[in-house]
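Here's the structure we're looking at; comments come further down.
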Amino acid sequence: MQQKIKDFIDKTVELMTKIRKSIKHTIRKITKSEAFTTFMGKALFYYCQLVWKTTRWQLFGVNRFYPVWEQDKSLILTIWHGRVLMIPYFWNRKRPLNALVSPHNDGRIAASFLKKVGFGIIDGSTNEGANAAAINLLRSLEKNQAIAIIPDGPRGPRMRMNMSPLYFAKKSGKPLFGATYSIEHAIVAKSWDAMLIPLPFCRGIVHVTQPYYIPEDATREEMEKYRQQIEDELNGFVLRDDQVLGLKKIEPGVIAKEKRHHEETQQ
């Protein structure tokens with residue numbers, strides 16, 4: 001009798017394990033489908049549009065941003081991964097802007113969102129498909145089409161700038177800007193990037209850095225000085241704006257997010 005009970009329990013556990021794996025596989029398949037990513041991108045677009053229209057915004061540096069864009073015809077815009085949601089709504093659409101997005105699932109959702117805003121999309125990331133992405137980014141700048149890069153993506157460390165945007169500024173001669181925002185009562189996600197999830201009907205602050213021109217003959221040491229200066233300016237805005245709006249202090253990251261096993265097997 002005890003053996004029959006044990007066998008029944010073992011078979012039940014085995015069946016439940018198979019069901020759980022099947023459910024996880026189905027969910028993964030759904031979330032990777034084009035229909036799902038398109039739906040999520042549209043939902044995100046309309047929600048952020050609501051936030052944008054109902055927020056009392058204070059803008060700093062935006063007025064000097066567009067004259068430089070007009071003068072230089074294109075530029076490189078950098079935004080922290082965790083502060084990207086609202087920045088596209090401050091683009092005036094007068095000149096084309098192409099965004100570099102990751103080929104992974106969250107990148108496809110971001111692409112769907114950005115297409116709704118009106119951005120062009122360049123597939124790839126600073127880590128994966130880098131050569132093709134770099135060529136397309138430089139071509140955009142040569143065609144006087146601005147580019148947007150997440151300099152701490154796709155896995156961080158958060159709020160730490162990699163050298164990629166400076167490389168394009170050096171090669172193209174185009175100005176490099178950083179942009180960030182903060183919003184009152186926002187939810188800070190428990191994710192590697194501490195993604196800021198804005199709520200409507202609040203106060204918000206947008207900050208744009210000064211333009212940075214990277215000389216064509218800049219040495220490695222000079223490039224690092226520029227990189228640190230831009231990172232410090234952006235993080236200074238984040239720190240001050242979050243403090244003004246009563247948000248918890250968010251520190252720049254130290255360690256990059258590890259790749260998930262299923263991502264590694266796909267590469």
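The values are calculated or read from the model by the stated rules, or taken from the named source; none is laboratory data. Predicted model, so just to flag it, every value in this text is computed and none were measured. As a convention, Cβ positions derive from the backbone with ideal geometry for all residues, glycine included, and neighbour counts pool all protein chains shown.
Close contacts from the range 242-258, counting a first residue that is in contact (Cβ under 8 Å) with a residue 12 or more places away in the chain and a second that is of a type in the set (D, E, K, R) and surrounded by fewer than 15 Cβ atoms within 10 Å (Cβ to Cβ), with Cβ to Cβ under 8 Å and a gap of 6+ residues or different chains, come to Asp242/Lys248; Asp242/Lys249.
Take the conditions in contact with a Lys or Arg (Cβ under 6 Å, 6 or more places away or on another chain), modelled with pLDDT of 95 or more and closer than 20 Å to Gly82 by Cβ and apply them to Arg227. Does it pass? For Arg227, the condition - in contact with a Lys or Arg (Cβ under 6 Å, 6 or more places away or on another chain), modelled with pLDDT of 95 or more and closer than 20 Å to Gly82 by Cβ - is not met. In this structure, is Ile147 modelled with pLDDT of 95 or more, among the aliphatic types (A, V, I, L, M) and closer than 15 Å to Ile214 by Cβ? The answer is yes for Ile147.
Within the range 116-131, the set of residues being assigned to a helix (DSSP H, G or I) and modelled with pLDDT of 85 or more comprises Lys116, Val117. Scanning the range 150-205 for residues that are touching a residue at least 60 places away in the same chain (Cβ under 8 Å), part of a loop (DSSP other than H, G, I, E, B) and among the basic types (Lys, Arg) returns Arg155, Arg158, Arg160, Lys174. Only one entry in Tyr89, Tyr47 is in contact (Cβ under 8 Å) with a residue 40 or more places away in the chain, surrounded by fewer than 21 Cβ atoms within 10 Å (Cβ to Cβ) and assigned to a helix (DSSP H, G or I), namely Tyr89.
Restricting the range 235-255 to residues that are hydrophobic (A, V, I, L, M, F, W, C) and outside any loop (DSSP other than H, G, I, E, B) leaves a set whose member that is nearest to Gln210 (Cα to Cα) is Phe237.
You will find that of Thr219, Thr209, the residue that is of a type in the set (Val, Ile, Thr), modelled with pLDDT of 95 or more and surrounded by fewer than 19 Cβ atoms within 10 Å (Cβ to Cβ) is Thr219 and no other. Restricting Lys143, Lys116 to those that are under 30 Å from Gly204 (Cβ atoms), surrounded by fewer than 20 Cβ atoms within 10 Å (Cβ to Cβ) and among the charged types (D, E, K, R) reduces the list to Lys116. For the range 175-207, the tally of residues that are farther than 23 Å from Asn63 by Cβ and of a type in the set (Asp, Glu) stands at 1.
Please go through the range 94-127 and pick out each residue that is touching a residue at least 60 places away in the same chain (Cβ under 8 Å), among the charged types (D, E, K, R) and closer than 17 Å to Gly82 by Cα. Of everything in the range 94-127, just one residue is touching a residue at least 60 places away in the same chain (Cβ under 8 Å), among the charged types (D, E, K, R) and closer than 17 Å to Gly82 by Cα, namely Arg108.
Scanning the range 148-196 for residues that are more than 13 Å from the chain's Cα centre (by Cα), crowded, with 19+ Cβ neighbours inside 10 Å and of a type in the set (A, V, I, L, M, F, W, C) yields Leu166, Phe168, Ala169, Leu176, Phe177, Ile183, Ala186.
Applying the condition of being within 19 Å of Ala111 (Cβ to Cβ) and among the charged types (D, E, K, R) to the range 30-60 and asking which residue is modelled with the highest pLDDT yields Lys42.
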